[in-house]
Amino acid sequence: VYESLARSIHEDTELVNLLTGIVNEELGSNLEPYAMGGGTHARWIPGALGFGPGRRLDEGFPPDAGSGHEANEAVSIQHLKQAIKIYVRAILELDAR
């Protein structure tokens with residue numbers, strides 16, 4: 001799943017639906033939003049949500065390659081390019097509202 005939501009945002013809001021739709025269109029997927037209890041600063045800002053890649057590591061990385069926020073954090077260039085496209089599109093669509 002691609003995004004994580006702050007606890008104060010219900011997954012069926014317009015904002016969450018917009019961002020989830022962008023992710024699914026860009027990735028050609030049918031991912032669902034999810035909430036997590038992580039340490040994002042978004043949980044302290046009313047109406048904010050944390051939004052970012054929660055992609056698993058690609059095969060081919062060495063065994064000591066870490067996931068997000070771990071030692072030796074690794075991500076493929078392909079996933080990084082996809083994330084940039086999603087962020088840019090999300091910013092443009094949010095700004096247009």
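Being open to solvent by less than 80 Å² (accessible area, probe 1.4 Å), modelled with pLDDT of 75 or more and not in a loop (DSSP other than H, G, I, E, B) is a property that residue 78 lacks. Could you give me the residue pairs with C-beta distances under 7 Å whose first residue belongs to segment 72-97 and is on the phi > 0 side of the Ramachandran plot, whose second residue is open to solvent by less than 80 Å² (accessible area, probe 1.4 Å) wherever it lies, and which are 6+ apart or on separate chains? These pairs meet every condition: 72/65; 72/66. Only residues that are modelled with pLDDT under 90, charged (D, E, K, R) and open to solvent by less than 70 Å² (accessible area, probe 1.4 Å) were counted across segment 17-67, and they come to 1.
The values are calculated or read from the model by the stated rules, or taken from the named source; none is laboratory data. Remember, it's a predicted structure, so these values are computed and weren't measured experimentally. Cβ sites come from the backbone with ideal geometry, for glycine too, and all protein chains shown count toward neighbours. The area values use the complete protein model at the heavy-atom level, side chains included, leaving out ligands, DNA and RNA. Shrake-Rupley method; radii C 1.70, N 1.55, O 1.52, S 1.80 Å.
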